Amino acid sequence: MAEKTLLEKLEGLQHKFDEISTLITDPSVISDQKRYVKLNKEYHELERILTAKNEYELKLSHLAEAKEVLDTENDPEMREMAKMEIDSIEPLIPEMEENIKLLLI
């Protein structure tokens, strides 16, 4: 459940990032150097967070796929590969969540 809340929070940041992306290309914003610098700084901070978010979502997706293979596959070789993938991804998830939380501070 914690990952859902984190992803929801990050989704809001994605919308803000998209909005800032549009604003920093607006000629009226570019001409206001103070505002442009502020938005550009915020853009780069959000970019770091969203890069971590995308990596996190990708790992969660791979984990879900591997678990599905483990649940549905009868081939022992495929099940073993899925188990290995689960074992390699699961320990990364809490660390990735913690890194994202630190970026949000």
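The values are calculated or read from the model by the stated rules, or taken from the named source; none is laboratory data. These numbers come from a predicted model, not from an experiment. Cβ: placed from backbone, ideal geometry, glycine included. Neighbour counts: every protein chain shown. Note: areas computed on protein heavy atoms with side chains; ligands, DNA, RNA excluded. Shrake-Rupley method; radii C 1.70, N 1.55, O 1.52, S 1.80 Å.
Annotations for the structure displayed:
- Ligands, DNA and RNA excluded, the heavy atoms of R79 present near 90 Å² of accessible surface to a 1.4 Å solvent probe.
- Solvent-accessible surface (1.4 angstrom probe) belonging to D75, in square angstrom, nearest 10: 60 Å²
- Note on P(r) over Cα pairs in 10 Å bins from 0, in percent: of the candidates [x] 12, 31, 28, 15, 10, 3; [y] 14, 33, 24, 17, 9, 4, 0; [z] 14, 39, 27, 13, 6, 2, 0, the value calculated from this structure sits at [y].
- Given a 1.4 Å probe and the protein chains as shown, D18 ends up with an accessible area of around 70 Å².
- 10 Å-binned pair-distance histogram of the stretch 44-105 (Cα, whole percent): 22, 41, 23, 12, 2
- Point-to-point label distance, N74-L102, nm (Cα→Cβ direction, 7 Å offset): 4.7 nm
- Phi-based couplings in Hz for the stretch 61-70 (Karplus 6.51, -1.76, 1.60; Gly and Pro marked x): 5, 5, 5, 4, 5, 5, 5, 5, 4, 4
- Accessible area in the full protein assembly, largest first, 1.4 Å probe, for M78, M84: M84, M78
- Karplus 3J(HN,Hα) series, Hz, for the stretch 34-41 with 6.51 cos²θ - 1.76 cosθ + 1.60 (x for Gly, Pro): 4, 5, 4, 4, 4, 5, 5, 5
- Contact order for the chain, expressed relative to its length and based on alpha carbon pairs under 8 Å spaced 6+ residues apart, stands at 27 percent.
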